[in-house]
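Contents: one structure, followed by commentary.
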Amino acid sequence: MKPNLNSFVIGDPKKCIGCRSCEVACAVAHRENNTGLTVGTMESPIIPRLFYIKNNNSVMEVQCRHCEDAPCASACPVKAISEVNGSIFINEKLCIGCKTCSLVCPVGAIDLLPRHEGQIINGGVDRKSSVMAYKCDMCKEVGGTPNCVKACPKDALTIITPKKSKKASNIKAALELLQLNKKL
Amino acid sequence: MKIIIDGKAYQCEKGEYVLQVARRNNIYIPTLCHSDALSGLGSCRLCVVEVVDRGRAKVVTSCIFPITSEVEVVTNSTKIQKIRKDLLVLLQARCPENEEINKLAKSFGVEEERVNRFKLDKTENCVICGLCVKACEEMGTGAISTIDRGVFKAISTPYGDPSPQCIGCAVCANVCPTNAIPVIDKDGEREIWGKKFKLQKCEECGKEFATEDHVKFAFAKAGVKSEKILCEECRRKSSLDKMKNAFPKVEL
């Protein structure tokens, strides 16, 4: 049995206001070659890896849950998705944009967006862009601490470490039971 | 080991391809049939460079030329420029009305429609690079392939009939560099490579988001089942609803 379940970021619909700061932070964290210190000077398009959804007056950002035995990893026909360092990672160089992973994700965390190719690949010619699968990678390639969590003005995004969070719930439940027993 | 590209030295490993090293160091080499995921085709020849090895210069395709010794590479000599221009002239003669080829040709300074002596189909879009065939193969379906030889070479399903293997995923159209594969989504059906597919409707909102065959293929490959087949948006809405009601009193 694995000692630790994969950590992931989750949004709280009761706190989220739909300002999309997290999306911008995500795109900034994943910009290529450190181009653009400010959003206004970014040459690459803003492609966030978490997705905004609205339903019945609530809003939230949906991102990858880094499932154990991820369906996306099993579905990928070219084996571009694998578990690396406790998070599910899509290898950009192997993805062919077939959309199979996006179809099987139970939470809708993968979306297919135009693959950004810089100047060295296009040479300044406006070439046809193909799509590629994008999803949250826990900012593993770019420092380790998810940028979206830091950017949220309402603290609606938190990093869940499943075993710790379970323990916290257990402790709270036990304390509540203690209070209840005292009253009886 | 190190190699010299356009007069400057760069570090590389033995066996790496010249194109890889060039891109890593921000050197532009144009490509048409190259894709990191489906590499090794070497069919378009647009990425040719000159490699100077032991005093002799030879023209090679940088996408599949492995570095085995400390050679010198020239990416933009007059000879290479002329070769690229000639390639584009021929490509444009084959596909005169193709936007992507025209854009590329313009960037290399090719004048319009210089070659008039070939009697070809002016609406041709395919340059037979082979990316679609490779992509379909990688998918595991292998529905299309190259057929015939010489001037009759083309990409098709076996005998031109609708392929039983095709699932309508359209990854071929995605990787095609010249938009040569038509995918027509109309009236709840997708038509591609002469085969008609029923488009899967989302069980919540009714949006058509993929072919039924592709959805079946995806779930079979993943080895999971889903009670309801939903589009991405509805799946996200369901995630939102679950998070709203999940832990009403526990602080997340």
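The values are calculated or read from the model by the stated rules, or taken from the named source; none is laboratory data. Note that the coordinates shown come from a computational prediction; the quantities given were computed from them, not determined experimentally. We place every Cβ from the backbone using ideal geometry, glycine too, and count neighbours over all the protein chains shown.
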Check your understanding: What do you reckon, is A:LYS79 free of Cβ contacts under 8 Å to residues at least 40 places away in the same chain, among the charged types (D, E, K, R) and facing chain B (nearest Cβ under 8 Å)?
Key -> no
Practice item. List the number of the failed condition for A:ILE120; all other conditions in (1) among the β-branched types (Val, Ile, Thr); (2) assigned to a helix (DSSP H, G or I); (3) under 27 Å from B:MET139 (Cα atoms) hold. Key: (3)
Check your understanding: Given the residues B:SER77, B:SER35, which is the only one that is surrounded by 14 or more Cβ atoms within 10 Å (Cβ to Cβ), under 21 Å from B:ASN179 (Cα atoms) and out of contact with any Phe, Trp or Tyr (no Cβ under 7 Å at 6 or more places or on another chain)?
Key -> B:SER35
Check your understanding: What number of residues in segment A:77-117 are in a strand (DSSP E or B) and small (Gly, Ala, Ser)?
Key -> 2
Review point. Would you pick out the residues in segment B:22-51 that are away from chain A (no Cβ under 13 Å) and among the aliphatic types (A, V, I, L, M)?
Key: B:LEU41, B:VAL48, B:VAL49, B:VAL51
Review point. Looking at (1) surrounded by 15 or more Cβ atoms within 10 Å (Cβ to Cβ); (2) within 14 Å of the chain's Cα centre (by Cα), which is the one condition that is false for A:MET132?
Key: (2)
**Study point:** strands (runs of 3 or more DSSP E) contained entirely in segment B:115-232, each with at least 2 residues that are over 25 Å from B:ILE101 (Cβ atoms) and of a type in the set (Lys, Arg)
**Key:** B:195-201
Check your understanding: List pairs: first in segment B:145-164 and under 17 Å from B:SER43 (Cβ atoms), second hydrophobic (A, V, I, L, M, F, W, C) and part of a helix (DSSP H, G or I), Cβ under 9 Å, 6+ apart or cross-chain?
Key -> B:SER145/B:VAL133; B:SER145/B:CYS136; B:THR146/B:VAL133; B:ILE155/B:CYS132; B:ILE155/B:VAL133; B:ILE155/B:CYS172
Practice item. Would you mention how many residues in segment A:72-111 are surrounded by fewer than 19 Cβ atoms within 10 Å (Cβ to Cβ) and within 20 Å of B:THR141 (Cβ to Cβ)? Key: 4
Practice item. List every residue pair whose Cβ atoms lie under 7 Å apart, where the two residues are 6 or more positions apart in sequence or sit on different chains, the first residue falls within segment B:1-16 and is assigned to a strand (DSSP E or B), and the second residue, located anywhere, is small (Gly, Ala, Ser) and surrounded by 15 or more Cβ atoms within 10 Å (Cβ to Cβ). Key: B:ILE5/B:ALA22
Exercise for review: Being touching a Ser or Thr at 6+ places or on another chain (Cβ under 8 Å) and modelled with pLDDT of 70 or more is the filter here, so list the residues in segment A:28-41 that pass it.
Suggested key: A:ARG31, A:THR41
Check your understanding: Residues of segment A:48-61 being touching an Asp or Glu at 6+ places or on another chain (Cβ under 9 Å) and of a type outside the set (S, T, N, Q), which ones?
Key -> A:PRO48, A:ARG49, A:LEU50, A:PHE51, A:TYR52, A:ILE53, A:MET60, A:GLU61
Point to revise | segment B:62-109, residues that are assigned to a loop (DSSP other than H, G, I, E, B) and either within 14 Å of another protein chain (Cβ to nearest Cβ) or among the polar types (S, T, N, Q) (or both) | key: B:SER62, B:CYS63, B:THR68, B:SER69, B:THR75, B:ASN76, B:SER77, B:CYS95, B:ASN98, B:PHE108, B:GLY109
**Study point:** Candidates B:LYS198, B:LYS207 - the one that is exposed (fewer than 15 other Cβ atoms within 10 Å of the Cβ) and within 13 Å of another protein chain (Cβ to nearest Cβ)
**Key:** B:LYS207
